[in-house]
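In what follows, a structure is listed as structure tokens, so that the remarks can point back to it.
The values are calculated or read from the model by the stated rules, or taken from the named source; none is laboratory data. No experiment lies behind these values; they were computed from the predicted model shown. Because the Cβ atoms are built from the backbone with ideal geometry, glycine has one as well, and the counts that use them run over all protein chains shown. We work out accessible area using only protein heavy atoms, side chains counted, and drop any ligands, DNA or RNA first. Shrake-Rupley method; radii C 1.70, N 1.55, O 1.52, S 1.80 Å.
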Amino acid sequence: MFQQLISHNALQDWSYALLAAAAFMLLLFMLRKLVLRHLQRVARNTDTVIDDFLIEVLSATRVLLASAMGLYLGSHFLTLPAAMETLVNRAFGAAILIQAGFWATRGLIFWLRHHFSQGEQDDAGARAMTLSLLSFLGRVVIWVLVLLMIMDNLGINVTALVASLGIGGIAIALAVQNILGDLFASLSIAIDKPFVIGDFIILGEEMGTVEHVGLKTTRIRSLGGEQIILSNNDLLKSRIRNYKRMQERRIVFAVGVTYGTPADKLEMIPKLIEQAVRTQTHTRFDRSHFKSLGAFSLDFETVFYVLLPDYGVYMNVQQAINLQLVRSFAAHGIEFAFPTQTLHLHSTPVAAA
């Protein structure tokens with residue numbers, strides 16, 4: 001076949017073919033550069049996304065396309081054997097399909113980024129997680145379709161191939177069921193959104209901030225600084241506590257005073273505690289009661305709400321309440337209890353001899 005190609009074409013034919021291929025490739029690159037420059041100039045003066053979309057898609061034009069089109073054009077100046085002509089046509093078709101895959105991938109990613117860039121700042125984590133998953137799945141679908149079309153262009157019976165893979169697909173699915181379970185779990189996370197990137201969650205003994213949600217694993221940055229990697233399937237089987245979505249924090253704390261405290265001062269303690277709570281901002285008082293007679297203290301239980309979910313705000317409020325209670329108890333002569341034991345000695349008189 002190659003001998004026929006060489007023998008059937010003179011040096012002049014080869015010169016024309018190479019010149020045409022080189023000229024077309026140069027023309028295509030210059031045209032791409034001029035169009036991109038024009039679109040970028042237009043994009044700077046408009047607010048529409050169409051020109052940005054065209055810039056993004058056109059930027060994905062690869063050398064492969066220019067080379068394939070140049071060589072295909074140059075081949076028309078040569079006398080090709082029938083088998084080689086068929087091969088060239090199929091190679092050119094495959095190159096066009098691959099370039100179309102690059103354009104479709106870049107266009108899909110641009111559209112997804114533009115779509116998920118809109119919305120409230122509070123939903124940024126959810127949008128980032130969904131964007132990551134949809135981008136990956138979209139690229140997989142595009143390139144699977146490109147591969148099938150290339151195989152069809154090469155003369156392979158794609159329908160029969162897909163049908164023959166049906167039985168084998170069942171065996172493969174059974175072999176990789178754990179991977180598929182994690183894949184479907186990631187889709188469930190993207191759709192139901194039990195948590196998103198940036199949420200602080202607790203799963204059993206593990207806790208931290210969600211950094212990345214992938215197709216198989218989720219990565220969490222713990223309070224200690226290390227990264228915790230969890231399987232998506234195992235993650236959804238756990239009970240997840242999402243503290244990022246907490247609207248307000250319910251606080252229960254106890255105070256104990258000594259048994260020697262008079263009753264009138266015991267009646268005063270709930271009011272002192274209520275006053276300490278209500279003095280703080282971002283709080284809502286619920287109740288304070290003389291709860292029980294403890295082993296070594298008279299116990300009071302108080303419930304209030306911090307209206308902001310931030311843990312630092314809660315700790316600042318609790319600290320301010322504790323300091324005010326120390327001052328007010330000292331002013332009224334009320335003593336805090338601490339673990340003590342009282343030992344009573346019973347003496348028996350000794351009988352006289």
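Descriptive notes on the structure:
- Contour excess over end-to-end distance, with Cα ends at Gln247 and Ala22 and 0.36 nm allotted per residue: 74.4 nm
- Annotation: lysines with alpha-carbon distance below 25 angstrom to Lys265 (same-chain offsets under eight excluded): Lys291.
- Looking at region 32-76, the accessible area is 63 square angstrom per residue; that uses a 1.4 Å probe and ignores ligands, DNA and RNA.
- Amide H to amide H distances under 5 Å link Ser292 with Asp299, where only residues 5 or more positions off or on other chains count and H is placed in the peptide plane.
- Where labels lie 7 Å past Cα in the beta-carbon direction, separation of Leu345 and Leu31 in nm: 11.1
- Note on Lys244: lysines with a C-alpha under 16 Å away, same-chain residues under 8 apart excluded, are Lys193.
- With 0.36 nm allotted per residue and the present C-alpha distance subtracted, the Leu154-Leu230 stretch has 23.1 nm of extension available.
- Stretching the chain fully between Ser67 and His115 yields a gain of 13.9 nm (0.36 nm per residue, less the alpha carbon separation).
- Local net charge near His212, Cβ-Cβ under 10 Å (Lys/Arg +1, Asp/Glu -1): +1
- Ratio of the Cα radius of gyration of region 25-75 to 2.2 N^0.38 Å, where N counts its residues: 1.34
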